[in-house]
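Asks: Starting off with a structure, shown below.
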């Protein structure tokens, strides 16, 4: 099993970063880091955009981060039409920026820039794997 198990709608079944899904399900959120120049990527990348190296290692993202910004989305891409509205956010996990959704049921009044958040792996009703932000 590979990347086809990630997200609500998975458009590809194979990628050089497919271990991301296994890590997410068993150990938590991972980014990739170039062994040559040290550049870090989230979402994970198989090749470094900075130095063009393919020597990439997996790097566990810190357990707790800080909320940078959030918004309520009233429009949904394919596969998410039933979910609107929902909260999208960007959080900083020790200089690794992570984009994702907040746990269903939270209100905008519950959120503020700088609040501590965690990433929680999420198994969707169809068995697919994703993640969501939750307050720490």
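Quick note: the coordinates plus some simple rules give every number you see, no bench work behind them. All figures in this text were calculated on a predicted structure; none of them were measured in a lab. Cβ atoms come from the backbone with ideal geometry, glycine included; neighbour counts cover every protein chain shown.
Results for (1) within 18 Å of the chain's Cα centre (by Cα); (2) surrounded by fewer than 14 Cβ atoms within 10 Å (Cβ to Cβ); (3) under 26 Å from residue 5 (Cα atoms), shown as yes or no for each residue.
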{"residue": "25", "(1), (2), (3)": "yes, no, yes"}
{"residue": "43", "(1), (2), (3)": "yes, yes, yes"}
{"residue": "55", "(1), (2), (3)": "no, yes, yes"}
{"residue": "77", "(1), (2), (3)": "yes, yes, yes"}
{"residue": "88", "(1), (2), (3)": "yes, no, yes"}
{"residue": "122", "(1), (2), (3)": "yes, no, yes"}
{"residue": "126", "(1), (2), (3)": "no, yes, yes"}
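Asks: Looking at residue 29 and the list (1) surrounded by 14 or more Cβ atoms within 10 Å (Cβ to Cβ); (2) over 14 Å from the mean Cα position of the chain (by Cα), which single condition is not satisfied?
Replies: (2)
Asks: Next up: Of all strands (runs of 3 or more DSSP E) completely enclosed by the range 38-126, which ones contain at least 3 residues that are farther than 15 Å from residue 28 by Cα and touching a helix residue (DSSP H, G or I) at 6+ places or on another chain (Cβ under 9 Å)?
Replies: On the way: elements: 56-60, 64-73, 86-93, 96-101, 116-123.
Filter on the range 38-126 gives 64-73.
Asks: Any chance the range 56-75 includes a residue that's more than 25 Å from residue 18 (Cβ to Cβ) and touching a residue at least 60 places away in the same chain (Cβ under 8 Å)? Lay out the reasoning, then the answer.
Replies: First, the residues of the range 56-75 that are more than 25 Å from residue 18 (Cβ to Cβ): 64, 66-75.
The next check asks that each one be touching a residue at least 60 places away in the same chain (Cβ under 8 Å); those that pass are 64, 67.
Checking the range 56-75: at least one residue is more than 25 Å from residue 18 (Cβ to Cβ) and touching a residue at least 60 places away in the same chain (Cβ under 8 Å).
Asks: Need pairs with beta-carbon distance below 9 Å; first residue on the phi > 0 side of the Ramachandran plot and touching a residue at least 24 places away in the same chain (Cβ under 8 Å) and within the range 87-108, second surrounded by 12 or more Cβ atoms within 10 Å (Cβ to Cβ) and not in a strand (DSSP E or B); sequence gap 6+ or separate chains.
Replies: As it stands, the answer is 94/61; 94/62, since those pairs meet every condition given.
Asks: Taking only the range 127-136 into account, find how many residues are in a loop (DSSP other than H, G, I, E, B) and touching a strand residue (DSSP E or B) at 6+ places or on another chain (Cβ under 9 Å). Break it down into steps so the answer makes sense when it comes.
Replies: Filtering the range 127-136 down to residues in a loop (DSSP other than H, G, I, E, B) leaves 127-128, 136.
Imposing the further condition that a residue be touching a strand residue (DSSP E or B) at 6+ places or on another chain (Cβ under 9 Å) reduces the set to 128, 136.
Adding up the residues that qualify gives 2.
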